[in-house]
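Below you'll find the structure, written out as structure tokens, and then a few comments.
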Amino acid sequence: MIFYLQGGYVPQEEARVSVLDRGFLFGDSIYEAIRSVDGKPVFYRDHLARLHHSAELLGFDLTGGTPDLRAIMRELLRRNGIEDSRMRIVVTRGTGGRDQISGFTPTWVVTIEPFATLPDEEYERGVAAVLVSVARTGVASLNPEIKSSNLLNNILARQEAVRKGAAEGVMLNPDGLLAEGAYSNLFWVDAAGILRTPSLEVGILPGVTRQKVIVAARAAGLAVAEDTAGPEALESAREILLTSTSWEVIPVTRWNGAVVGSGRRGEIAAMLRDRLRALYHEDEEDDA
Ligand code: PDD
């Protein structure tokens, strides 16, 4: 594959950064994972806004300019001859030692890989998820709003889930409230039919898919609540869903080893995935 690195396009094997880069040394780096569908990057503006928000929260100096990421992504699609991809925009603070506090030149990288969604049977069958003992980092330690490339918290959560035979691990925040999956946002449908999801104040990544799903659900006439809940709320859920750029809207049909609802995908999960996928083609990406 051909990747973007610091103003140029290079073969994957030649895409190298310095061992003095603070992304490598300290995980001092941010990223966005963004898909292209039928040759178009989807929800580009949302991803770009979140990237800038992450940069701001970490005090990255981007005043030297942001490369034209939309043009770069289109060029990567063209050069690699693919239409459906997952691209990763990575920005590090730049090279420098631990005690350096200013004067950095950020490192910009965009990688690309072909991407296909899971087969429909997997969406019908759903996945297993478990509550993990690893807590999501607190807002006052490493705010989960920052989409940092330091994914140790997420890696520990996912490892624990996989050890327990599940596809995803759901983390609580430091106060014991439901937060999010290792790499996904969490939703559930309660006994009254309300679609619920932890609010941003709990300390979660503001998922692009999460936001699209909230808007799509309201447009479909569903009541949606963003609030706080303990893990026991999932025990009586009719449906549990996970959302992410890669998974779209995937049902959890086994929660902590117990069957959820009918044990197959529920109708709200199916409807929300359809509505999300419709948005890939309605996105205003070309008009900007
Ligand atoms: N991450 N929460 C966390 C901790 C995540 O890492 C992700 C996804 C999400 C879902 O966000 P979005 O809908 O914007 O993809 C929630 C990316 C996709 C990744 O795993 O690389």
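A short reminder: the numbers here are calculations on the coordinates, not readings from a lab. Because the structure is predicted, anything quoted here is derived from the model rather than measured. FYI the Cβ positions are ideal-geometry reconstructions off the backbone, even for glycines, and counts take in every protein chain you see.
Values as computed for the structure displayed
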{"item": "Packing rank of 213-225, 81-93, where each peptide gets the mean count of other beta carbons within 10 Å, highest leading", "result": "81-93, 213-225"}
{"item": "Computed [θ] at 222 nm, deg cm²/dmol, the chain (DSSP H ≥ 4; -39,500 (n - 2.57); rounded to nearest 500)", "result": "-8000 deg cm²/dmol"}
{"item": "Region 222-288 - Rg and Dmax from Cα coordinates, angstrom", "result": "14.6, 47"}
{"item": "Along each principal axis, Cα extent of region 2-114, largest first, Å", "result": "45, 30, 21"}
{"item": "Spatial extent of region 120-282: Rg and Dmax, with the Cα atoms as the point set, Å", "result": "14.5, 41"}
{"item": "Cβ-based exposure ranking for 52, 281, 47, in which fewest neighbours within 10 Å come first", "result": "281, 52, 47"}
{"item": "Taking the convex hull of Cα positions in the chain, its mean projected area over all directions (nm²)", "result": "15.3 nm²"}
{"item": "Charge dipole magnitude, Cβ of K and R +1, D and E -1 - the chain, Cα centre, debye nearest 20", "result": "440 debye"}
{"item": "Burial ordering of 137, 66, fewest other beta-carbon atoms within 10 Å first", "result": "66, 137"}
{"item": "Helix runs (DSSP H) in the chain reaching 18 Å along axis by Cα, Kyte-Doolittle at least -0.5", "result": "267-282"}
{"item": "Net +/- balance of residues flanking residue 31 in space, Cβ distance below 11 Å, scoring K and R +1, D and E -1", "result": "+2"}
{"item": "Kirkwood-type radius of region 70-120, with distances r between different C-alpha atoms, in Å", "result": "13.3 Å"}
{"item": "Percentage relative contact order, region 180-288, counting C-alpha pairs under 8 Å, at least six apart", "result": "26 percent"}
